[in-house]
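Below is one structure, written out as C-alpha cells, with a few remarks after it.
Where a number appears in this text, it was derived from the coordinates with a stated rule and is not lab data. This structure is a prediction, so every number in the text was calculated from the model and none was measured. Glycine gets a Cβ as well: all are built from the backbone with ideal geometry, and neighbour counts include every protein chain shown.
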Ligand code: PMP
C-alpha cells in the first residue's frame, strides 16, 4: 500500500523536493506524514483533488474544519462579497453581532469574543480562569489536546515508555520542547471520566486551583465519550472549590450537533472554546462565557486582544456558516450520514468477527481497533497504531482522504457529503478487513 501511495503521487513528491525553504517541507509538523505529505490543488463539495489530479471523498475535513464541505455556495458568496469591500480594519463589522448572537443562543452563554485559532481560544480560557479566580493551578486531562500554548502542552500524547506514572495520578509529560517546567508544574494532569481523582486534587490544593480545561467528548485519542454524570459532576466539584470549568469544544462545537456537547449533555460550563468548523473554512475562533467571567474582559480586568480578532473575513464566513449552512435540515442530513456510516462499518466488523468498535459523535467518528470500551487515555494507550496507519493507506489509495494520524484522529463528514461518499468509505474498510483476516 505504501508503494501504491507513492506511485500515485509523483507531483506531491516533486513539490516536497522543491519546498527546500519550507521548514520540514510542509506548513505544519502535522502535515509531514509517512511516506510523504499530500499536496492539495482544490476542493468542491465533499471532494478534494491533489496536485496529481487524484480525487478523494474528503473525510479529513482539514482536521475537523470543513463541516460545510468545500466551496459551499453560501460561504463563497459571503466571503466574495466581503473581499470586495475590504478585509481588515481592526474595527468591528456588523457580521460580528450576528455571530455572537447565534453562538449565545446555541450555547446558552451570554458573552463572546473572537480569535483566530483553537490555540488562542484555549489560551484565553486558561488566562481567564486564572484572572477570574486569582489562582494559578490548572487541571487538564491526560491525552487531551488543547493547542500549542505553554500551559496545555503537557501529557497530550505520552507513550507507554514515557515516565507516565499511575493511571490515577499521571506524571506530567512534556509534549514539546521550548516549554519551561516552571509553567507546566502549575498544571495537574488527571484521567478522563474520573471524578474521584479531581476531588482528591482539589482537596490537596485548597484555594490553588483556578479551573479545569476539558474536551467534553475527548477527541485526539480516537473518540472517548463522557460517562453519565461526569461533566455535571466536574462542574459541581469545581464550583464547590471556587474553581471554574472550561469546555474545549474546538473540535466538537459544531460537529457533534448544533450546540456542541454543551447542548447534548445539558451542562453549561463557565467558558466554551470554539474554532475549526465555526468559520466555514476561514480561520476563526470564539470564546464564550458567563457574565461573571466575561465581565473581566468588558471592564478591562483581562485584556482579550489581537490584531485579527473578529476580522471581517472571518466574521462574514462565520455568519454564513452559522446562519445559512448549519440549519436544522443540515443536521438531519448529517445524522442520516452518521447512521449509514455506523451501520455499514459495523456490518463489516460483524461479518469478519473483528474485535473492533465504531465510535461516532455526530459528523465525527472513528474505528477503534480495540476490543474493549475506552474510558480514558490509558485504555487508549494499548492501541496498536499500525491498524490506523494501514486503514489510512487503504482508504487513501481508494479515494477517501483521512487524517494521517489514524491512531488518534477521526473522520469528519460535511453537509455536502452523500451516500456515495459513505459507501466508498465502507467498501474501503471492507477491503482492509478482508486483507487482515484473509
Ligand atoms: N483544542 C482541540 C480540542 C483541538 O483539537 C485543537 C486542534 N486540533 C486545538 C484546540 C487547537 O486548535 P488550533 O490548531 O486551531 O490552534
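Between residue 303 and residue 162, the contour length at 0.36 nm per residue exceeds the Cα-Cα span by 47.0 nm. Taking the helices alone, the chain has a mean residue ellipticity at 222 nm of -11500 deg cm²/dmol, built from -39,500 (n - 2.57) per DSSP H run of at least 4 residues and averaged over all its residues.
Counted over the stretch 190-314, the DSSP beta bridges are approximately 40% antiparallel.
Modelled spin labels at residue 185 and residue 136, positioned 7 Å past Cα toward Cβ, are 0.8 nm from each other. For the stretch 73-325, the fraction of alpha-carbon pairs lying more than 32 Å apart is 20 percent, rounded to a whole number. Our analysis of the chain gives Rg over Rh at 0.96, with the two radii drawn from alpha carbon positions and Rh computed by the Kirkwood formula. When only Cα pairs below 8 angstrom with a gap of at least 6 residues are kept, the stretch 73-325 shows a relative contact order of 31 percent.
Applying 1/(1 + (r/R0)^6) with R0 = 56 Å to the Cβ-Cβ distance of residue 42 and residue 240 gives a FRET efficiency near 0.60.
Taking other Cβ atoms within 10 Å as a rough exposure proxy, 149, 239 sort from fewest to most as 239, 149.
Taking the fewest neighbouring Cβ atoms within 10 Å as the starting point, the ordered list for 39, 30 is 30, 39. Between residue 81 and residue 382, the simple label model (points 7 Å from Cα in the Cβ direction) yields a spacing of 5.4 nm. Taking the convex hull of the alpha carbon positions in the stretch 358-438 and averaging its projected area over all directions gives 5.6 nm². Antiparallel beta bridges, as assigned by DSSP with both residues in the chain, represent about 60 percent of the total such bridges. The modelled label-to-label distance between residue 177 and residue 353, using points 7 Å beyond Cα along the C-beta direction, is 5.0 nm. Scaled to the globular estimate 2.2 N^0.38 Å, the Cα spread of the stretch 1-54, given as radius of gyration, is 1.14. Computed extension gain for residue 51 through residue 342, at 0.36 nm per residue and net of the alpha carbon distance, reaches 101.6 nm.
Under the definition of Cα pairs under 8 Å and six or more residues apart, what whole-number percent is the relative contact order of the chain? 22 percent.
Over the stretch 152-265, with a single point scatterer placed on each C-alpha, what log10 of the ratio I(q)/I(0) does the Debye formula yield at q = 0.13, 0.14, 0.22 1/Å? So the normalised log intensities work out to -0.54, -0.63, -1.41.
With all pairs of separate Cα atoms included, the stretch 215-373 yields a Kirkwood hydrodynamic radius of 17.7 Å. Extension gain, residue 97 to residue 17, is 24.2 nm, computed as 0.36 nm per intervening residue step minus the present C-alpha separation. For a quick check, take a GNM of the chain with Cα springs below 10 Å and name the residue from 246, 90, 275 with the largest mean-square fluctuation. Greatest mean-square fluctuation among the candidates belongs to 90. This ranking places 321, 254 by how few other beta-carbon atoms lie within 10 Å of each, fewest first, which gives 321, 254. For the stretch 182-230, the ratio of Cα radius of gyration to the globular rule of thumb 2.2 N^0.38 Å stands at 1.27.
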